[in-house]
2 protein chains.
Amino acid sequence: MEQRRADSIRQTLEQLIITGAFADGERLDEIRLAERFSVSRTPLREAFQTLAASGLLELVPRRGAYVRHPGIIELVEMFEVMAELEGMCGRLAARRLTDDGLAQINGAAEECEKALSDGDTDAYYRENERFHNLLYDASGNTFLASEARKLQRRLQPFRRMQLHVRGRMKQSMGEHRAIISALEEGDAQMAETELRGHIAIQGEKFNDLMAQYNRSKMRKAV
Amino acid sequence: MEQRRADSIRQTLEQLIITGAFADGERLDEIRLAERFSVSRTPLREAFQTLAASGLLELVPRRGAYVRHPGIIELVEMFEVMAELEGMCGRLAARRLTDDGLAQINGAAEECEKALSDGDTDAYYRENERFHNLLYDASGNTFLASEARKLQRRLQPFRRMQLHVRGRMKQSMGEHRAIISALEEGDAQMAETELRGHIAIQGEKFNDLMAQYNRSKMRKAV
DNA sequence: GTCAAGTTTATTGTATACAAATACCACTGT
DNA sequence: ACAGTGGTATTTGTATACAATAAACTTGAC
């Protein structure tokens, strides 16, 4: 399926915004951006609409498009919701998971283990993402899975940051094991609790991280 | 704050789609719609982008915009997620609710009571919506509240339909009382359970409703 | 020197023009 | 009769032109 220019612009801009290439509150100049992407303003503005819908931009009528990075408060709120969604995925997955699905999840977890012993943060992040995505699908609720993925994408750089905290990768791996064990036993309550905690810990401890947070550090971590 | 044409088109189209003015899978003709709204294709297409982002349209490259009504399965999935979000709102609200917030919620509930005794379904729907919106805010998590509102809007006509089922309005009111009582006692667990059930019941029993569901009936109910 | 009003400039919002791709349809050949 | 082909018409995607509004600047009065 071929893609419109507007779509590729959207993807590119989304990644640029999420990874912090633009400062919070910065106004995106339509003409300059259009030149930069070698397109006219029309597809660019269509991309703006989509990005605004997902909260990455704020479109102020007659004033322009402003990038909106979540503040610390909104970030904690988003983690709180993410924890709930993942917990829900775990609860449902524990009841609905197939043998094949479990095998795939186990596979992703094993890749995580390998990345951990290699000390390869990038690989761990990648396989961790796969682990969670498989779990979303295992919930058997495609709408839930899609919402979870949407939110995961927005939290992406912040989840990634945390892996660089000393010991976090190992701790995360331990939590994965507990999640899998709950899934294997079909313990919905346990799966929910473990997953919620697995995400909530990231939100709750965020203030610590933010204390030493600044733009350049974040970009490096990403 | 004045509004762009694209915004008002988006609102109008959203309402038209949600209330079922277009059939599922129907292609929206840009030119005809532009004429109908007395605008050019440009603002219309910008509105399309936003509507596609919220799942109301599917934009197929080079083929057009197709309205996408949730099927019965997706609908049940959405109710399942809505139940979780509302339950979460209840849990948080029980811990964070202020006296003033509780008073407002009580106020909305009283209006519901009045609508119930008057047999006024429209008024009940309106005040019920206010009741739930106050609850979202009471969660103290603005991101959660905004997500809950988004999903509520999409489920709007289906929630509304249910009020026309014999006895549902009275039953709903009883659930509201239980929710308030849990909030008053600060019982987070109870508030979550009650609210989740309050929404889940709508999703779970949906198959019954759908058995006799058809387009014209739905439009009448809305 | 500062503030205010008016004018200029820049920027957003919308309409139109054009390009590119798809759908439609008649026609031909088997 | 039917599949395939070519050509036309329709429709989407993008560029550009124009209109409307807000920002920036100039000028003038106090």
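Read-outs throughout are calculated quantities, based only on the coordinates presented, and are distinct from any laboratory measurement. Here the structure is a predicted model, which is why all the values come from computation and not from measurement. All Cβ positions, glycine included, derive from the backbone under ideal geometry; neighbour counts span all protein chains shown.
Inter-copy label distances for A:Asp99: 6.3 nm (label point placed 7 Å from Cα along Cα→Cβ; shortest first).
Taking a straight Cα-Cα cut-off under 13 Å and skipping sequence neighbours fewer than 8 places away in the same chain, the aspartates and glutamates within cross-link reach of B:Lys114 are B:Asp122, B:Glu127.
How high is the relative contact order of chain B? Use alpha-carbon pairs under 8 Å, at least six apart in sequence, and give a whole percent. It comes to 25 percent, rounded to a whole number. Taking trypsin sites (Lys or Arg not before Pro) in DSSP loop conformation with at most 15 other Cβ atoms inside 10 Å as exposed sites, chain A has its longest uninterrupted site-free stretch at A:64-165. Charge dipole (Cα centre; +1 on Lys/Arg Cβ, -1 on Asp/Glu Cβ; no other charges) of the protein assembly as shown amounts to roughly 1860 debye.
Which loop GluC sites (Glu not before Pro) in the stretch A:1-51, with loop taken from DSSP, have no more than 16 other Cβ atoms within 10 angstrom of their Cβ?
Filter output for the stretch A:1-51: A:Glu2, A:Glu26.
Treating the Cα atoms of the stretch B:5-67 as identical point scatterers in vacuum, please give the log10 of the normalised Debye intensity I(q)/I(0) at q = 0.19 Å⁻¹, two decimals. For the requested q values the scattering log ratios are -0.62.
Sorted from shortest to longest, the distances between the A:Arg36 label points of this copy and the other copies are 3.8 nm, with each point 7 Å from Cα along the line through the beta carbon. Inter-copy label distances at B:Val60, using a point 7 Å along Cα-to-Cβ, come to 4.1 nm with the shortest given first.
Considering only A:Thr50, A:Gln152, A:Leu183, and ranking their Cα positions along the charge dipole of the protein assembly as shown that arises from unit charges at the beta-carbon of Lys, Arg, Asp and Glu, the one farthest toward the positive end is A:Thr50. Centroid-to-centroid, using Cα positions, the stretch A:22-37 and the stretch A:172-202 are 42 Å apart. Taking 7 Å steps out from each Cα toward its Cβ at B:Arg32 and A:Ile31 produces label points 4.0 nm apart.
Rounded to the nearest 0.05, the FRET efficiency derived from the C-beta distance between A:Thr12 and B:Asn106 at R0 = 51 Å is 0.55. Counting every alpha-carbon pair across chain A, the share separated by more than 28 Å comes to 36%. The share of alpha-carbon pairs in the protein assembly as shown lying farther apart than 32 Å comes to 45%.
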